[in-house]
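Below is one structure, written out as structure tokens; the observations come after it.
The values are calculated or read from the model by the stated rules, or taken from the named source; none is laboratory data. For clarity, every value in this text was computed on a predicted model and none was experimentally measured. Note: ideal-geometry Cβ built from the backbone for every residue, glycine included; neighbour counts use all protein chains shown. The protein model used for the area step is the full one, side chains on, heavy atoms only, and it has no ligands, DNA or RNA in it. Shrake-Rupley method; radii C 1.70, N 1.55, O 1.52, S 1.80 Å.
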Amino acid sequence: MKTLFKVLTYVVFPIAIIVLVYLNYESVMEPVRFDKEVGRREAVAIDRLVSIRTLQEAYKTQNRRFLSTTDSLIDFYKNGQITIVRQIGSMDDSLAVAQGRVSRDSIKIMVKDTLLKNRVEPIDSISFIPFSGGERIQMHSVIKKVSGIQIPLFEALVPYDALLKGLDRQLVVNLKAEKEDMNQYTGLKVGDIENPNNNAGNWE
């Protein structure tokens, strides 16, 4: 009996305490690690969505509409041109204007030579949701009547189910539930084809 008591006291109980401490530590740290990884993944996705918005707005300036696919957006980046207005002199200088020393002219520049020049990832990456195993970013564009005026709209979507693939499923479900409770999109999104928002991102 004494031997059993010693085994329990010096072996079993310490091991049980260590296991309980470890489980308690893990229960605290798992959400912390999850939040950190969510932030890391969102940063990559946001960079791609911002690039999509930059190209969409440049395309709309030239064509008065948005594109519907990332493939066409990539083609615009690689092969398209944008018009730049160059001004010589200042329109605020009335004397210079009167003397004809102020002028403007337009020049065309390749999109890839002026936009997203500091981008680290290859441009083709804007088609894909990072960490998803190859799932594509969802993009839509429409021309919709708003306050009696037809305006072009677009949106690009990165759902959490794809972006957070491989992470703790219950924590992903909890995060989505929090967003749903606040009537927010369960993921990252730029633009909106239902409610115009000046092409804002839902992280901004």
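Pull out all pairs, ordered by first then second residue, where Cβ-Cβ is under 8 Å, the residues are six or more apart or on different chains, the first lies in the stretch 146-159 and is over 22 Å from residue 184 (Cα atoms) and open to solvent by 40 Å² or more (accessible area, probe 1.4 Å), and the second is β-branched (Val, Ile, Thr) and in a strand (DSSP E or B).
150/143; 151/143
Restricting to the stretch 111-142, give me the number of residues that are in a strand (DSSP E or B), touching a Phe, Trp or Tyr at 6+ places or on another chain (Cβ under 9 Å) and not basic (Lys, Arg).
Summing the residues that are in a strand (DSSP E or B), touching a Phe, Trp or Tyr at 6+ places or on another chain (Cβ under 9 Å) and not basic (Lys, Arg) in the stretch 111-142 gives 4.
Does any residue of the stretch 179-194 turn out to be of a type in the set (S, T, N, Q), out of contact with any Pro (no Cβ under 6 Å at 6 or more places or on another chain) and open to solvent by 40 Å² or more (accessible area, probe 1.4 Å)?
Yes, there is a match, as at least one residue in the stretch 179-194 is of a type in the set (S, T, N, Q), out of contact with any Pro (no Cβ under 6 Å at 6 or more places or on another chain) and open to solvent by 40 Å² or more (accessible area, probe 1.4 Å).
Taking the stretch 46-68 only, how many residues are exposed (fewer than 14 other Cβ atoms within 10 Å of the Cβ) and closer than 24 Å to residue 159 by Cα?
Count: 1.
Residues in the stretch 105-124: is at least one touching a Leu at 6+ places or on another chain (Cβ under 6 Å), open to solvent by less than 40 Å² (accessible area, probe 1.4 Å), modelled with pLDDT of 95 or more and within 26 Å of residue 162 (Cβ to Cβ)?
No - not one qualifying residue is present in the stretch 105-124.
Going through the stretch 142-169 one residue at a time, which ones are modelled with pLDDT under 95 and of a type in the set (Ser, Thr, Tyr)?
Correct list: 147 only.
Could you count how many residues in the stretch 154-185 are of a type outside the set (A, V, I, L, M, F, W, C) and within 16 Å of residue 136 (Cα to Cα)?
Residues flagged as of a type outside the set (A, V, I, L, M, F, W, C) and within 16 Å of residue 136 (Cα to Cα) within the stretch 154-185 amount to 5.
Among the numbered criteria (1) closer than 23 Å to residue 35 by Cβ; (2) touching a Pro at 6+ places or on another chain (Cβ under 8 Å), which single criterion is violated by residue 141?
(1)
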